[in-house]
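One structure below.
Please treat every number below as a calculation from the coordinates, not as lab data. Just so it is clear, the model here is predicted, and its values are computed rather than measured. Quick reminder, even Gly has a Cβ in these numbers, built from the backbone with ideal geometry, and neighbours come from all protein chains shown.
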Amino acid sequence: MIHIESPTDVYVFSQANGNKNRDQWLHAEALLPHIHFDYFYDTDKFNIKLQSCFVRNDDRQVMLKVVGNIKEEAVKSVGDDGTSQAVTAKSGVATVENVKVPNPVNLAPYRTFVEVEQPISEFIFRMQNGPQCALFEADGGAWKLEAMNNIRQYFEAQLQDEIESGNVYIIA
């Protein structure tokens with residue numbers, strides 16, 4: 001039996017033996033980069049985290065462009081709704097203008113086994129003076145269910161014959 005306990009933990013164990021216990025044969029734990037959500041990073045560290053801990057996609061590229069061109073001490077809030085922000089960023093060789101910070105952003109951080117597709121989640125991207133940047137998870141944890149489903153699909157594809165013959169069962 002294969003038990004997908006979480007997006008980062010998979011157990012392989014035997015069928016119940018005579019004393020109704022199961023032998024655990026394997027525990028696989030995903031090795032993941034350390035990402036602090038809800039934490040403000042300076043722009044250099046944030047840039048590195050975006051490039052090293054997230055799958056490349058359009059929103060990641062837009063964020064890298066904004067963060068890479070921020071003018072020092074130039075973050076300001078726009079509007080009263082608490083979601084819109086603008087930053088002063090270089091837009092050409094010598095020009096500086098206000099740039100709207102994308103929100104929410106759809107990103108795929110490495111949060112499960114690298115062998116499976118990383119779930120895309122919504123994040124709130126915020127900036128503050130310094131300048132500093134932070135991402136706040138905004139999907140209510142739905143990514144965990146998607147990641148577990150991706151792990152299950154991976155095993156189903158890799159172990160199709162064993163599953164069809166009844167030798168392997170997957171619990172997710």
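Key figures for this structure:
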{"item": "Table column - 3J(HN,Hα) (Hz), region 26-38, Karplus curve with 6.51, -1.76, 1.60, x for Gly and Pro", "result": "7, 10, 9, 10, 5, 8, 10, x, 8, 10, 9, 8, 6"}
{"item": "By average C-beta atoms within 10 angstrom, highest first, the peptides 23-32, 128-137", "result": "128-137, 23-32"}
{"item": "Peptide ranges 4-10, 151-157 listed from the most packed, as the mean C-beta count within 10 angstrom indicates", "result": "4-10, 151-157"}
{"item": "Nearest-0.05 FRET efficiency for residue 137 and residue 170, computed from C-beta distance (R0 22 Å)", "result": "0.20"}
{"item": "J(HN,Hα) series, region 46-57, from Karplus relation 6.51 cos²θ - 1.76 cosθ + 1.60, nearest Hz, glycine and proline x", "result": "5, 4, 5, 4, 4, 6, 9, 10, 10, 5, 5, 8"}
{"item": "Spin-label model distance (nm) - residue 64 vs residue 120, 7 Å beyond Cα toward Cβ", "result": "1.7"}
